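Shown next, in structure tokens, is the structure this report addresses.
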Amino acid sequence: MPDMLWLLLMCLGLGAVVGLLAGLLGIGGGLLIVPALVWMLPQTGIEPGLVMHIALATSLACIVLTSGSSARSHLRLGNVDVSLVRLLAPGMVLGGIAGSAVAEWVPADWLPRIFAGIVLLLALQMLLSLKVTGRHPIPGRVAIAGSGSVIGLVASLAGIGGGSLIVPYLSWYGVEMRRSIGTAAFCGSIIAIAGMAGFIVAGSGDDSLPPYSLGYVYLPALIGVACTSVLTTRYGARMVSHLPTPTLKKIFAIFLLFVGGKMLF
């Protein structure tokens, strides 16, 4: 119980930081939640072989709660291209579920390296401020569903919503940035739900999981992060006009390079 209480308090602090950064920088919380949980969970006695699975699953569960409100707001504002969601969603659901299955199959010591590789690529994109723009025609239903599957798979394996992958993809096909961001937020929620469901099913019946687990989702960590991140996201959004967001984004990208490099090696 003392270990669980310590974890809950730490996750409350983590959630506050995640919410601020999500509102301020427009990033997915998984980039911060996963490495933080990978550090915290072993200190509560959780077996090393389970840590990465629990971190990924719990991160996706947090994203379901925190990004769901963002997706709803974008939908109300008309920023979501429903036709694109319909094309992308089936592939993203399959990819999200497949990501949890792959994570179950991949050796436990390789999961941190896969996560690190994805984080390093996203950090470089953020650091260099790489922007993808184009006027290419949107591909057919099969091709876009296949792209959605790849995005869902990568996002689920990294425990993120996938917005950092979806926005450049849609921008490449000339989708307006406002609608790209809104559609990405909505699709990210779908990926997180599918990935979380896959991790819950994959972890069901595993007697080695700690108490208060729903599959691989660790409820004390989920509650701690979600309670504060939902509250602080709005404050991060309000701070955008008062702080040098591009500079902060580059600083955060450097931090991610350090985290990714540490997990890789």
Where the accessible area of the stretch 1-149 is counted over protein heavy atoms with a 1.4 Å probe, how much of it, in %, is carbon and sulfur? 69 percent
What percent of all Cα-Cα pairs in the chain falls into each 5 Å bin, going from 0 up to the bin containing the maximum distance? 1, 7, 13, 18, 20, 18, 12, 7, 3, 1, 0, 0
Per-bin percent of Cα-Cα distances, the stretch 118-213 [10 Å]: 15, 40, 29, 11, 5, 0
Evaluated over the stretch 77-161, the Cα radius of gyration and Dmax, each in Å: 14.9, 43
Along the principal axes of its C-alpha atoms, what lengths does the stretch 78-122 span, in descending order and rounded to whole Å? 42, 23, 11
Using the Cα gyration tensor of the stretch 50-111, with a ≥ b ≥ c the square roots of its eigenvalues, what is the shape: rounded (a/c below 1.5), prolate (a/b larger than b/c) or oblate (neither)? oblate
Which of the helices in the chain, when you take each full DSSP H run, stretch at least 20 Å along the axis at their Cα atoms and have an average Kyte-Doolittle score of 1.0 or higher? 2-25, 82-105, 111-128, 141-158, 177-203, 245-264
Rounded Å value of the spacing that divides the Cα centres of the stretch 77-112 and the stretch 31-65: 18 Å
Which value in deg cm²/dmol, rounded to the nearest 500, describes the helix-derived mean residue ellipticity at 222 nm for the chain, given -39,500 (n - 2.57) per DSSP H run of n ≥ 4 and division by the residue count? -26000 deg cm²/dmol
Per residue, what accessible area does the stretch 54-104 have, given a 1.4 Å probe and all protein chains present, in Å²? 40 Å²
Among 164-170, 99-105, 258-264, how do they line up from the highest to the lowest mean number of other beta-carbon atoms within 10 Å? 164-170, 99-105, 258-264
Rounded, prolate or oblate: which fits the stretch 1-90, taking a ≥ b ≥ c as square roots of the Cα gyration tensor eigenvalues, rounded meaning a/c under 1.5, else prolate when a/b beats b/c? prolate
I need the fraction of alpha carbon pairs in the stretch 172-265 separated by more than 18 Å, rounded to a whole percent. 72 percent
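The values are calculated or read from the model by the stated rules, or taken from the named source; none is laboratory data. In this text, all values refer to a predicted model and were calculated from it rather than measured experimentally. Glycine also receives a Cβ, built like all others from the backbone with ideal geometry; neighbour counts cover every protein chain displayed. Quick note on the areas: whole protein, heavy atoms, side chains included, nothing else; ligands and nucleic acids left out. Shrake-Rupley method; radii C 1.70, N 1.55, O 1.52, S 1.80 Å.
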